[in-house]
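Novice: Supplied in structure tokens, the structure appears directly below.
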């Protein structure tokens, strides 16, 4: 029985030449670059999670008197 795929979505990004060279350098140090990028994205999302969720706007009823 084949192993189920964990990662099934693909997102293509463009990076600068300096970023590409840096990732190649990490690869030469036997760092799993794909895992490094996934962990960096997960860390960024976790850090900024509160800003990513849209805030609910409180609706004011025009017929209700203000306190």
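The values are calculated or read from the model by the stated rules, or taken from the named source; none is laboratory data. Everything numeric in this text was worked out from a predicted model, so none of it was measured. We place every Cβ from the backbone using ideal geometry, glycine too, and count neighbours over all the protein chains shown.
Novice: Among the residues of region 28-51, count how many are farther than 22 Å from residue 15 by Cβ and surrounded by 10 or more Cβ atoms within 10 Å (Cβ to Cβ).
Specialist: Matching residues across region 28-51 total 0.
Novice: Just give me the residues in region 13-27 being loosely packed, with under 10 Cβ neighbours inside 10 Å, modelled with pLDDT of 95 or more and either part of a loop (DSSP other than H, G, I, E, B) or within 13 Å of the chain's Cα centre (by Cα) (or both), in sequence order.
Specialist: 14, 16
Novice: Cβ contacts < 6 Å: first residue on the phi < 0 side of the Ramachandran plot, restricted to region 8-27; second residue at pLDDT 95 or above, any location; separation 6+ or different chain. Result?
Specialist: That search, which allows pairs on different chains as well, returns 23/33; 26/33; 27/33.
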